[in-house]
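The values are calculated or read from the model by the stated rules, or taken from the named source; none is laboratory data. Source: prediction; values computed, not measured. Cβ coordinates were reconstructed from backbone atoms using ideal geometry, including for glycine residues, and neighbour counts include every protein chain displayed.
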Amino acid sequence: MVPGLFMQGVGIDLVYSFVIFLICLIVYIETREISKLSSYKGINFFRNTFLFFGISYLLKFILALDVFSRGINLVGDAIFFGVVLYASLMAGIYLIMAIGNKKLPKNIGKWIFLIHALAILFAIIVLLTNNFLVYLIFQILILVVGVVLLYSDRKKASMLIIYQLLLLFWILDIVEVFVPKFFGGVQLIISLVSIGVFILVLYKIIKSTHNKK
Amino acid sequence: MKRDRLKVIFDILKIIKDHNNSIKPTPLLRYSNLSTKSFNEYMNELVEREFVKQVKDNKDKKAITLTDKGFQYLEKYKTIVSFIDDFGL
């Protein structure tokens, strides 16, 4: 690829990652009060979704910044990459747990550490075996579970499209991490739509948390 | 219809507030429409989460009052419920 165009792509990644990281940070802060007051599992899982999305995008931002400033990928060592995989995986898992929270066992809180441990283990295995396909299959499995949960509950109808798009972009983002410039020229459109989805979620959250009924 | 946990907490706190923010445990149990066992569990949770505190009233009898956090919960209850509904949680 022409270096100029490559750097342009990295520039898009930089802005994209930073914007989504900021949105996730605002979502996390905005939902703090209702989460603390209610101690409601669904809200806590929902909040953690954006915490881990935020971590994942912050790391991607640092990675893009490194490539942008040095022209080479020095930060992208195994540990760094592993944390991106783990954070991204946990974001998807927390979203599924938020959507399906009423169907989860009441003592799920006690098992969260196990889910984190499995996600770390999974990220390490993917890294060691360099098997991107396993990760992708696992993500698609999570997407399918999410879609089934969404369609099994009519109350979630208003968020149906948004949750599905969040999960879809979650997968596309990781494809881009594994195979940089995989989507070529379409990447800009994917990034813009993805930002649009996150902004829509943020708008709905602000509207909901500042609603004076 | 069975009340969910958030609604039960709201109802208990609302009863306390409606009694000039001071009520004895026995009438609170009666107004809350809960079994003694459930009531005690909720009260322990509310004290632990610092939504209410136990004080002595004018006659040196045990009374329950709301804390700032308790008032905050009452204020935010509708927002919490609408958030759960809006996001299908």
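Values for this structure:
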quantity	calculated
Residue match in the range A:202-212 (condition: modelled with pLDDT under 85, surrounded by fewer than 16 Cβ atoms within 10 Å (Cβ to Cβ) and assigned to a helix (DSSP H, G or I))	no
Failed condition for residue B:23, given (1) under 30 Å from residue A:150 (Cβ atoms); (2) away from chain A (no Cβ under 14 Å)	(1)
The one condition in (1) out of contact with any helix residue (DSSP H, G or I) (no Cβ under 6 Å at 6 or more places or on another chain); (2) more than 22 Å from residue A:90 (Cβ to Cβ) that residue A:176 fails to fulfil	(2)
Some residue of the range B:56-76 being within 30 Å of residue A:160 (Cβ to Cβ) and either in contact (Cβ under 8 Å) with a residue 60 or more places away in the chain or over 11 Å from the mean Cα position of the chain (by Cα) (or both)	yes
Unmet requirement for residue B:14, which otherwise passes all of (1) surrounded by fewer than 19 Cβ atoms within 10 Å (Cβ to Cβ); (2) touching a helix residue (DSSP H, G or I) at 6+ places or on another chain (Cβ under 7 Å); (3) within 14 Å of chain A (Cβ to nearest Cβ); (4) part of a helix (DSSP H, G or I)	(3)
Matching residues, the range B:66-89, being of a type in the set (Lys, Arg) and more than 7 Å from chain A (Cβ to nearest Cβ)	B:69
Residue A:201 vs. criteria among the aliphatic types (A, V, I, L, M) and either in contact with a strand residue (DSSP E or B) (Cβ under 9 Å, 6 or more places away or on another chain) or over 27 Å from residue B:77 (Cα atoms) (or both)	no
Residue check for residue B:52: more than 10 Å from chain A (Cβ to nearest Cβ), among the β-branched types (Val, Ile, Thr) and surrounded by 13 or more Cβ atoms within 10 Å (Cβ to Cβ)	yes
Restricting the range A:139-177 to residues that are buried (at least 16 other Cβ atoms within 10 Å of the Cβ) and aromatic (Phe, Trp, Tyr), the residue that is nearest to the other protein chains (Cβ to nearest Cβ)	A:163
Flag for residue A:179 being touching a residue at least 40 places away in the same chain (Cβ under 8 Å) and closer than 20 Å to residue A:140 by Cα	yes
Residue under evaluation residue A:121, criteria (1) under 23 Å from residue B:88 (Cβ atoms); (2) more than 14 Å from chain B (Cβ to nearest Cβ); (3) surrounded by fewer than 20 Cβ atoms within 10 Å (Cβ to Cβ), criterion not met	(1)
Residue list for the range B:18-44, restricted to those being crowded, with 16+ Cβ neighbours inside 10 Å and either among the hydrophobic types (A, V, I, L, M, F, W, C) or closer than 23 Å to residue A:40 by Cα (or both)	B:23, B:28, B:29, B:32, B:34, B:39, B:42, B:43
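So that you can scan it fast, the table gives a plain yes or no per residue for (1) more than 16 Å from the chain's Cα centre (by Cα); (2) within 26 Å of residue A:83 (Cα to Cα):
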{"position": "A:141", "(1), (2)": "no, yes"}
{"position": "A:158", "(1), (2)": "yes, no"}
{"position": "A:172", "(1), (2)": "no, yes"}
{"position": "A:177", "(1), (2)": "no, yes"}
{"position": "A:181", "(1), (2)": "yes, yes"}
{"position": "A:187", "(1), (2)": "yes, yes"}
{"position": "A:191", "(1), (2)": "no, yes"}
{"position": "A:195", "(1), (2)": "no, yes"}
{"position": "A:198", "(1), (2)": "no, yes"}
